[in-house]
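**Q** Below you'll find the structure I mean.
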Amino acid sequence: MVSGQLTFTTNIPITLDPSSGKNTGDNDIAGGSSVSFIKAGDADLVLNTKNSGWMGPTTVNAGRMIVGDSAHTGASWGSAGVGDITVQQGATLGGFGTVNGNNITFESESTWVAGIMPNGQNGQLNSSDTLTLRSGVSLAVTPSSGAYDGPDRMYKIATYRTLNKEGDMTVSVDSTAGLQGFSEVTLLMDPPI
C-alpha cells in the first residue's frame, strides 16, 4: 500500500483534459526541459503541491489551471529559469501559489488570477526572462476572506526581467468574500510597470 504524495516523472508529453467540474491534483508532476505539458478542456485543474520538477514548456489551451487554492499557498508550478509558459485566448492561469517559468505569455483575452491572503501571502508569477501581456488580458484578483490591514499591505504579484505589455489590461476583484479594508491593498510588479 502506498500512502502520501507521489511524484509522477515523465519523458513523454502530457495533456490533461478535465471535462467538467473542479479537478484537484495532490501529487507532483516532473518532466525534463524537452517534455511539454498541455492543459486542455474547459474544467478547472487545481494543483496543490510543489511541482518544481516540471522544466518543460507549459500551454494552457482552455479552462483554468490554478496553482494552489487558498488552503495551499505553498503550491508551485515549474522551475525558475526553464520552461516557457503560454496561456491561450480564453484560458486562465494563476492561483494562491507560485508559477515559475522562463518566458510567460498571456495571449489576448486570457486571464491571470492573483490570489491574495490577509496575512500577506499571495500567488505570484516569476518569469526569469520576459513576461508578455497581450492586449485584452484580464487580471482577476481573488482575495480570500478576512481583514486586510490597510495602506501598509502590499502584494508583489509578479517578477520578471523584461515586461512586454502590449495594451490595456482589465483588473477585477472578486468581492464575494467578506473583505474588510481591501480598498487599501496595493498590487506590485517587480520591476514596476
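**Q** Out of everything in the range 3-40 that is over 16 Å from the mean Cα position of the chain (by Cα), crowded, with 17+ Cβ neighbours inside 10 Å and assigned to a loop (DSSP other than H, G, I, E, B), what residue ends up being modelled with the lowest pLDDT?
**A** PRO18
**Q** Any idea which residue in the range 113-141 is nearest to PRO191 (Cα to Cα), counting only those that are among the small types (Gly, Ala, Ser) and over 14 Å from the mean Cα position of the chain (by Cα)? Talk me through it step by step, then tell me what you get.
**A** Here is the first cut: in the range 113-141, the residues among the small types (Gly, Ala, Ser) are 114-115, 120, 123, 127-128, 135-136, 138, 140.
Now drop any that are not over 14 Å from the mean Cα position of the chain (by Cα), which leaves 120, 128, 135-136.
Details: GLY120: 19, SER128: 12, SER135: 20, GLY136: 21 Å.
Among those that are among the small types (Gly, Ala, Ser) and over 14 Å from the mean Cα position of the chain (by Cα), it is SER128.
**Q** Given the options VAL87, VAL99, VAL46, name the one that is of a type outside the set (Phe, Trp, Tyr), touching an Asp or Glu at 6+ places or on another chain (Cβ under 7 Å) and modelled with pLDDT of 95 or more.
**A** Checking each option against the conditions leaves just VAL87.
**Q** Just a yes or no: is a residue in the range 85-98 part of a loop (DSSP other than H, G, I, E, B), in contact (Cβ under 8 Å) with a residue 12 or more places away in the chain and closer than 17 Å to LEU188 by Cα?
**A** yes
**Q** In addition: Tell me which residues, restricted to the range 79-94, are in contact with a strand residue (DSSP E or B) (Cβ under 9 Å, 6 or more places away or on another chain), within 17 Å of ASN61 (Cα to Cα) and not β-branched (Val, Ile, Thr).
**A** Residues satisfying the conditions are GLY83, ASP84, GLN88, GLY90, ALA91, LEU93, GLY94.
The values are calculated or read from the model by the stated rules, or taken from the named source; none is laboratory data. Not measured: the values here are computed from a predicted model. So basically every Cβ, Gly included, is an ideal-geometry build from the backbone, and we count neighbours across all protein chains shown.
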